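The values are calculated or read from the model by the stated rules, or taken from the named source; none is laboratory data. Just so you know, these numbers come straight off a predicted model, no measurement behind them. Reconstructed Cβ throughout: ideal geometry from the backbone, glycine too, with neighbour counts over all protein chains shown.
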Amino acid sequence: MLGKQRQNERREVARVRQAFRASQQAGDSDGRPHPGQLRAKSRRRTGRRRTTVLTPQPPWPGSRRAGLHAAHPARADQGEVASMLPVSGPGSGCRSLPLAWARRSDFGREQMGAKDWLLVYADGEIRPVLQSAPVLNRQATRTLVRRLYPGHQLRDLADGTLLDQANPDDDRIYAGCFAGLTVVCTSEAALDRPSQLDLRFRREAGGLRLYLHAMHSVVDWFAYAIWSADGALVRALSVSPLTGIAEDIGGRLAFEQPYWSGQQPVAASSGKPYPFPFHPLELGEAALLALFGFNYEGLCRDGDPDLERIPLAGFALQPTLGS
């Protein structure tokens with residue numbers, strides 16, 4: 001039931017975004033935010049229902065210690081759009097998604113809370129496995145994490161989900177071994193150059209296809225990489241307006257083409273053109289949809305996997321002496 005409510009919330013956010021995109025294309029110039037300035041943040045990112053403003057916390061992603069912190073509650077007078085989605089709270093009688101207004105970047109974009117760093121190992125299509133609400137193999141998952149972190153002690157944490165724990169802190173890892181699919185959420189996937197993923201993660205593929213996906217909205221950063229079943233790098237991309245194109249290896253995949261060709265433009269703001277013909281986070285959401293069959297903040301389709309039904313085992317990592 002809760003998963004269905006989350007899906008409905010995402011659809012409502014998508015509807016508002018589409019309305020503003022249409023108004024922009026129609027030449028709307030009444031001072032309202034551009035569609036790209038509207039980025040809704042769900043409760044999965046903060047665990048709170050209070051609307052907050054997010055500011056960057058160095059070092060920048062994709063370093064291994066990417067992060068952000070809440071600065072102060074958003075003001076009620078931050079624009080007409082803020083009233084378009086009801087804000088939940090005690091006595092509100094609704095569960096609609098809180099709309100968070102965030103720090104404006106140098107390029108005039110509103111920075112929100114979407115972030116993830118994850119690895120996916122698969123021997124076939126990923127979306128059908130996720131749609132089936134697969135059963136977590138706990139023993140295989142613990143064995144996997146021990147292999148990946150041999151110099152660490154593991155302390156069990158409460159289970160998480162692919163919705164809520166896709167961006168763990170450095171000293172934590174969330175993972176799940178399922179039939180035909182393995183998911184590992186680790187900050188070691190948050191790399192400016194995803195092709196340089198540590199060898200132990202690549203070796204773990206063992207004949208499976210390996211995917212890396214990472215993004216952080218505070219600095220409009222997105223990166224992804226794909227390795228074939230024989231371990232060859234197929235594609236690696238990392239883009240951010242702060243660092244430019246940090247890596248661009250391999251041919252661009254079909255889902256990328258509309259973005260590079262300028263079909264998904266970013267409106268200029270404050271007289272400063274955006275450095276790419278697309279927004280990296282929008283490309284990041286498109287990558288999630290194309291590679292895994294779901295996304296976090298894009299359009300939600302009927303039949304999309306319910307990410308709250310994808311359990312992940314959580315572990316706190318403590319380095320052993322001498323490791």
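Just the residues that are buried (at least 20 other Cβ atoms within 10 Å of the Cβ) and either out of contact with any helix residue (DSSP H, G or I) (no Cβ under 7 Å at 6 or more places or on another chain) or among the polar types (S, T, N, Q) (or both), please, taken from the stretch 154-183.
Gly160, Gln165, Ala166, Asn167, Tyr174, Thr182, Val183
Would it be correct to say that Val218 is of a type in the set (A, V, I, L, M), over 23 Å from Pro128 (Cβ atoms) and in the same structural domain as Asn167 (by TED's automatic domain parsing)?
Numbers: of a type in the set (A, V, I, L, M): yes; over 23 Å from Pro128 (Cβ atoms): yes; in the same structural domain as Asn167 (by TED's automatic domain parsing): yes.
Judged against the criteria, Val218 is a match.
Return the residues of the stretch 226-236 that are in contact with a Ser or Thr (Cβ under 6 Å, 6 or more places away or on another chain) and touching a residue at least 24 places away in the same chain (Cβ under 8 Å); say none if nothing qualifies. Give the steps one after another, and end with the answer.
If we filter the stretch 226-236 for residues that are in contact with a Ser or Thr (Cβ under 6 Å, 6 or more places away or on another chain), which is where we start, we get 233-234, 236.
Once the filter is applied, which keeps residues that are in contact with a Ser or Thr (Cβ under 6 Å, 6 or more places away or on another chain) and touching a residue at least 24 places away in the same chain (Cβ under 8 Å), the stretch 226-236 yields Leu233, Ala236.
Filter the stretch 202-244 down to residues that are small (Gly, Ala, Ser) and under 18 Å from the mean Cα position of the chain (by Cα) and give me whichever is farthest from Gly298 (Cα to Cα). Quick ask: steps written out before the conclusion?
Taking the stretch 202-244 and keeping what is small (Gly, Ala, Ser), we get 205-207, 214, 217, 223, 225, 228-229, 231-232, 236, 238, 240, 244.
Keeping just the survivors that are under 18 Å from the mean Cα position of the chain (by Cα) gives 214, 217, 223, 225, 236, 238, 240.
On the way: Ala214: 15, Ser217: 14, Ala223: 17, Ala225: 20, Ala236: 22, Ser238: 20, Ser240: 19 Å.
Applying the filter and picking the extreme gives Ala236.
Condition check ((1) in a loop (DSSP other than H, G, I, E, B); (2) of a type in the set (D, E, K, R); (3) buried (at least 18 other Cβ atoms within 10 Å of the Cβ); (4) at pLDDT 95 or above) across all residues:
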| site | (1), (2), (3), (4) |
| --- | --- |
| His213 | no, no, yes, yes |
| Ala246 | no, no, yes, yes |
| Pro258 | no, no, no, yes |
| Tyr274 | yes, no, yes, no |
| Asn295 | yes, no, yes, no |
| Ala313 | no, no, yes, yes |
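Look at the stretch 119-135 and say how many of its residues are of a type outside the set (S, T, N, Q) and part of a helix (DSSP H, G or I). If you could, list the steps in order and put the result at the bottom.
The first filter runs over the stretch 119-135 and keeps only residues of a type outside the set (S, T, N, Q), leaving 119-130, 133-135.
From the residues that got through so far, the ones that are part of a helix (DSSP H, G or I) too are 127-130.
Matching residues across the stretch 119-135 total 4.
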